[in-house]
Amino acid sequence: MQTKILQYRIIITPDRQTGTDKEVYTAFCPLLGIADDGDTIEEALQNIKGAIEEYVEVLAEDGEVIQIDHPERDIVTTTQIQAPSNLQYA
């Protein structure tokens, strides 16, 4: 069986686990809309990789088109906005 390496962008952010308020890391794949978490960055990456693999397998079984990232075409940046100073910020 031939295979192909697929590349996906992952955004990792520190987070708090719902219900326990435990510090964790959330990994998000924006192209596929998939997220998972882990106690460490490495665990979050491992978990999201598994979730993406399962998602791609289901798409393949269903004969659906599998989207792939093209990070060489992406521009990643931030922006600033003005917001009222009397709001509470996290």
Residue that is part of a strand (DSSP E or B), under 12 Å from the mean Cα position of the chain (by Cα) and touching a residue at least 12 places away in the same chain (Cβ under 8 Å), where the choices are Asp37, Asp15
Asp37
Of the residues in the range 54-73, those that are in a loop (DSSP other than H, G, I, E, B) and either among the aliphatic types (A, V, I, L, M) or under 18 Å from the mean Cα position of the chain (by Cα) (or both) come to Val65, Ile66, Gln67, Ile68, Asp69, His70
Enumerate the pairs (first residue in the range 64-88 and in contact (Cβ under 8 Å) with a residue 40 or more places away in the chain; second residue anywhere and part of a loop (DSSP other than H, G, I, E, B) and of a type in the set (Ser, Thr, Tyr)) with beta-carbon separation below 7 Å, excluding pairs fewer than 6 apart on the same chain, so at least 6 apart or on different chains.
Asp69/Tyr8
Within the range 18-34, the count of residues that are touching a strand residue (DSSP E or B) at 6+ places or on another chain (Cβ under 7 Å) and in a strand (DSSP E or B) comes to 6
Scanning the range 1-12 for residues that are exposed (fewer than 15 other Cβ atoms within 10 Å of the Cβ), closer than 24 Å to Asp74 by Cα and either without any contact (Cβ under 8 Å) to a residue 60 or more places away in the chain or within 14 Å of the chain's Cα centre (by Cα) (or both) gives Lys4, Ile5, Gln7, Arg9, Ile11
Looking at the range 9-29, can you tell me whether even one residue there is at pLDDT 90 or above, among the aliphatic types (A, V, I, L, M) and in contact with an Asp or Glu (Cβ under 8 Å, 6 or more places away or on another chain)?
yes
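So how many residues does the range 18-34 have that are farther than 17 Å from Glu54 by Cα and under 13 Å from the mean Cα position of the chain (by Cα)?
As a first pass, look at the range 18-34 and keep what is farther than 17 Å from Glu54 by Cα: 18-26.
Then drop every residue that is not under 13 Å from the mean Cα position of the chain (by Cα), which leaves 25-26.
Qualifying residue count for the region: 2.
The values are calculated or read from the model by the stated rules, or taken from the named source; none is laboratory data. Please read these numbers as outputs of a predicted model, since none were measured by experiment. Ideal geometry is used to build each Cβ from the backbone, glycine not excepted, and the neighbour counts take in all protein chains shown.
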